[in-house]
Amino acid sequence: MIRTENLTKVYRMGDAEVYALHDVNLDIQEGEFIAIIGPSGSGKSTLLNMIGCLDTPTSGAVFIDGIDTGKLSENKLAEIRREKIGFIFQQFNLVHTLNALENVALPMFFAGVKRETRLKRAEELLANVGLGDRIYHKPSEMSGGQQQRVAIARALSNDPEVVIGDEPTGNVDTETGNTIIDILEGLNKEGRTVVVVTHDAEIAARVGRTKRMRDGRVLD
Amino acid sequence: MRDKLLMAYRSIRERRTRSILTVLGIAVGIAAIVSLMSVGYGMEEAITGELTGMADMISVMPGKITGHAYVELGSFTDRDVNDLQRIGGIKDITAMTYDAAEVEYRNKRAPIFVLGGDTKELGGFYVEPVGIKEGRWLRENDFKGCVIGDRVANDFFDEVIHVNDKLIINDEKFIVVGIFEKASTLYASDVDPHIFLTLHASKEALQNDEIKYIMVRVYNIDKAEEIAEEIVERINDNHGLDDFAFAMTMGSAIEMMGDVFKIIRGVLVGIAAIALVVASIGIMNTMLMSVMERTHEIGVMKAIGAKSRDVLTLFLLESSMVSLVGGVVGCVLGVVAAKVISLVAGTAIGIEFSAVVKPEVLLGGMAVAMVVGVLSGFYPARKASRMSPVEAVRYE
């Protein structure tokens, strides 16, 4: 499903070159639930951004469904982000001027889905994450856990094959964290590929496979 | 598209304070341009319009202007007037006598200038352009009637004078038969502070019938200068002097004021240009700020699958809407400001005029708002839409 080949990302800090990713080779199978763990600065999030087509590598390649994403145009990449991947951020990253329903419907808006259809689906998705009674709330009127559930519903709005979570439980309490892991597990059971970066031992213990990273390299 | 418009509208409404400030930023700039231009046009039109209306007139005085002062050298004779009638191209001539008199109204006295002349001729020169507010104009047999200017009626005595009130002019009793409207700028000094009498009455009251002022109207404005020269020549011949008579055409009056107009227009254009630059920078600044502060939001949109073009379209729609509203508000504010400025400035400098709002100024204002607004929204929006999603999401 997702494969990286000698994936390298170098940042320039003045005269020094910092390797955020160093020749990372990773193979993620369809339907897998994988956690990437490691200390801060080990390159986990950078790897996730590459897989999620949010960032471009310095060298090496990311293949999604066998397609080399480095060869795709801006618009094609946007399309992949929209159709194939659902991204969940640590900071939720909801659009704070829009209510829960509109936030969830936003990816469908960009996909050109009709208004009635997308609002109906957004409502269903919110009900699925237990927020059926909060659909008209703004992000500022919701707790961190509720916002993260809205973000998950948004990630699912175009029914993606892959769900990517960057520390999805990092900014919520333990109980909410558990709920979020439950939801992610459910998504995986539906057949979606789930990739998360986490510090959370709970998640790490519940996923099928963990990969440890350090200094921009995947260990093992 | 309807969806995108709605979305843009939502986004504007959600940031109410920011949007209002942006609209105001644009509006103030546009208002500055619109009001200055309208005031400028108003002044120009008020003065040139009036001068053009009087362009066929030549004032002839027995004296000369030295420096800024007029020195009276004597008076005209009937022969002068008769000679003028023989000059070709002259439509009307009115000869007036003119002197200061002591005027009493309800036991209060004031020195006031009295003008006497042929009622038909005088009427032709003053009644039509100025208008009578109360009562009527003089008739040939109004030996004891007078018509007064606006300032005589309202300012010179403690009490306001009305039609049928009695005035005592140099011990002769007169009845006010008419009161002039307040005269516009160029007639103000001729009409407002004066009392008008028939020729017969002025001889009685002023104890003299010397001709102190001749007004001439010509058929062809282009010939006015030529005729004025001929008038001066004839009268000088009659009196055997080189510079006895002084004749001023409206054309030369316009020329005399021309430099002042040039300065006023230059200053107004200059200020409008500065206002335009300031407005443009203000609009750019507010647009830049409002897009920059949303870089994060743009990043989020891109991360969940928006194309650069989607983002750009949304932001351009937003800035167009804001610019449009700003432009409209600016035009309205500008028109209101122009009216207020012309009123206040008109009172302050003593020239009554009203702002002239030209449609092309309003359209120009709208165009500036739209072009500057959309362009200055376009630049940061394009920049933000081209950022990598990760970079934009990290932007705080």
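The values are calculated or read from the model by the stated rules, or taken from the named source; none is laboratory data. From a predicted model like this one, the values you see are computed outputs, not experimental measurements. Using ideal geometry, Cβ is built from the backbone for each residue, glycine included, and neighbour counts are taken over all protein chains shown. The accessibility values were calculated without ligands, DNA or RNA, using every heavy atom of the protein model including side chains. Shrake-Rupley method; radii C 1.70, N 1.55, O 1.52, S 1.80 Å.
Among the residues of region A:162-182, the ones that are more than 14 Å from chain B (Cβ to nearest Cβ) and within 15 Å of A:E32 (Cα to Cα) come to 1 in all. Within region A:165-195, the set of residues being among the β-branched types (V, I, T) and either touching a helix residue (DSSP H, G or I) at 6+ places or on another chain (Cβ under 6 Å) or farther than 21 Å from B:G305 by Cα (or both) comprises A:T169, A:V172, A:T174, A:T176, A:T179, A:I180, A:I181, A:I183, A:V194.
Of everything in region A:113-141, what is assigned to a loop (DSSP other than H, G, I, E, B) and over 21 Å from the mean Cα position of the chain (by Cα)? Give them in sequence order.
First, pick out the residues of region A:113-141 that are assigned to a loop (DSSP other than H, G, I, E, B): A:113-114, A:129-138.
Those that are assigned to a loop (DSSP other than H, G, I, E, B) and over 21 Å from the mean Cα position of the chain (by Cα): A:V113, A:K114, A:G132, A:D133, A:R134, A:I135, A:Y136, A:H137, A:K138.
Within region B:365-380, being modelled with pLDDT of 80 or more and either open to solvent by less than 30 Å² (accessible area, probe 1.4 Å) or within 19 Å of the chain's Cα centre (by Cα) (or both) holds for B:G365, B:A369, B:V372, B:G373, B:S376, B:G377.
For region A:36-77, a residue qualifies if it is of a type in the set (D, E, K, R) and either within 10 Å of chain B (Cβ to nearest Cβ) or touching a strand residue (DSSP E or B) at 6+ places or on another chain (Cβ under 6 Å) (or both), and the qualifying residues are A:K44, A:D55, A:D68, A:E74, A:K76. Would you confirm whether or not region B:281-293 contains a residue that is surrounded by fewer than 18 Cβ atoms within 10 Å (Cβ to Cβ), over 15 Å from B:I12 (Cβ atoms) and within 14 Å of chain A (Cβ to nearest Cβ)? Checked region B:281-293: no residue is surrounded by fewer than 18 Cβ atoms within 10 Å (Cβ to Cβ), over 15 Å from B:I12 (Cβ atoms) and within 14 Å of chain A (Cβ to nearest Cβ). For region B:72-97, taking the residues that are open to solvent by 70 Å² or more (accessible area, probe 1.4 Å) and of a type outside the set (A, V, I, L, M), the one that is farthest from B:T198 (Cα to Cα) is identified as B:R86.
Quick check on region B:336-354: of everything there that is at pLDDT 85 or above and open to solvent by less than 40 Å² (accessible area, probe 1.4 Å), which residue is farthest from B:G377 (Cα to Cα)? Across region B:336-354, the extreme among qualifying residues is B:S342.
Suppose the filter is crowded, with 24+ Cβ neighbours inside 10 Å, closer than 30 Å to A:K9 by Cα, within 12 Å of chain A (Cβ to nearest Cβ) and among the polar types (S, T, N, Q); does B:S308 pass it? Steps first, please.
Working: crowded, with 24+ Cβ neighbours inside 10 Å: no; closer than 30 Å to A:K9 by Cα: yes; within 12 Å of chain A (Cβ to nearest Cβ): yes; among the polar types (S, T, N, Q): yes.
No; evaluated as a whole, the condition is false for this residue.
Applying the condition of being out of contact with any helix residue (DSSP H, G or I) (no Cβ under 6 Å at 6 or more places or on another chain) and buried (at least 21 other Cβ atoms within 10 Å of the Cβ) to region A:32-44 and asking which residue is nearest to A:G191 (Cα to Cα) yields A:K44. Selection over region B:159-215 of residues that are among the small types (G, A, S) and open to solvent by 20 Å² or more (accessible area, probe 1.4 Å) gives a count of 3. In summary, helices (runs of 4 or more DSSP H) completely within region B:291-395 and bearing 1 or more residues that are hydroxyl-bearing (S, T, Y) occur at B:295-303, B:308-349, B:359-386.
Among the residues of region A:150-172, how many are without any contact (Cβ under 8 Å) to a residue 12 or more places away in the chain and in a strand (DSSP E or B)? Even if it seems obvious, please write down each step before you answer.
Narrowing region A:150-172 to residues without any contact (Cβ under 8 Å) to a residue 12 or more places away in the chain: A:159.
Add one more test, that the residue is in a strand (DSSP E or B), and what stays is none.
Going through region A:150-172 one residue at a time, the tally reaches 0.
Among the residues making up region A:134-160, those that are open to solvent by 70 Å² or more (accessible area, probe 1.4 Å) and farther than 17 Å from A:T176 by Cβ are A:Y136, A:S140, A:D159.
The numbered conditions (1) basic (K, R); (2) closer than 23 Å to B:T66 by Cα; (3) assigned to a strand (DSSP E or B) are all true for B:R217 except (2). If you go through region B:139-187, how many residues are outside any strand (DSSP E or B), over 31 Å from the mean Cα position of the chain (by Cα) and under 20 Å from B:L206 (Cβ atoms)? The total comes to 8.
Determine whether region A:199-207 contains at least one residue that is in contact with a helix residue (DSSP H, G or I) (Cβ under 6 Å, 6 or more places away or on another chain), farther than 21 Å from A:F110 by Cβ and β-branched (V, I, T). Yes, that holds for at least one residue.
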